[in-house]
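Working notes, structure below.
What follows draws every value from the coordinates through simple rules; no lab data is involved. Worth saying up front: this structure is predicted, and the values here are computed from it rather than measured. Please note: Cβ atoms are built from the backbone with ideal geometry, for glycine as well, and neighbour counts cover all protein chains shown.
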Amino acid sequence: MAPARVSGIVAEATHYSRRKPRSREFFMTMRDAPDALGVRVASALEREHGRRWRTLLSENGAAWLQIADNASSGSRRPVRWTAPGLAVPVLVVHGARDPRTEPGELQALGADLEGRARRDEVAAARRGRA
């Protein structure tokens, strides 16, 4: 990485917490029954990823379940949000109604970024549509 070449970071639909208890059932559906997410979701994913969309969705759901299951009780972060030598502003764009966001998750991310973050929530937006 070349920190001198990075002037800022834009993060969209960001996740911070490893444990997402409100999303566990959703992740299990992704893993075990992707078609149960509905025709609209299936059509969009098939357009984007082809016939392999079920496998990709299942693997993603399994990954989130494993992240949660392997997190120690005090662990919150699935991703290290800092990089050595990188101290640039961060813009976090996130839908205020995103059902995968746990209460306090975005505030914790902002605190971890030590005042370098600006958070823009799109009030009516949720995952996948504004």
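Rg of the Cα atoms in the range 19-75, relative to 2.2 N^0.38 Å, amounts to 1.22.
Extending 7 Å from the Cα toward the beta-carbon at both A111 and A36 defines two label points whose distance is 3.5 nm. Whole-Hz Karplus values for the range 25-31 come out as 4, 4, 5, 5, 5, 4, 5 Hz, taken residue by residue from phi with 6.51 cos²θ - 1.76 cosθ + 1.60 and θ = phi - 60°; glycine and proline positions read x. Under the simplified labelling scheme, the H49-E25 pair shows an inter-label distance of 2.2 nm, with each label point 7 Å from Cα along Cα→Cβ.
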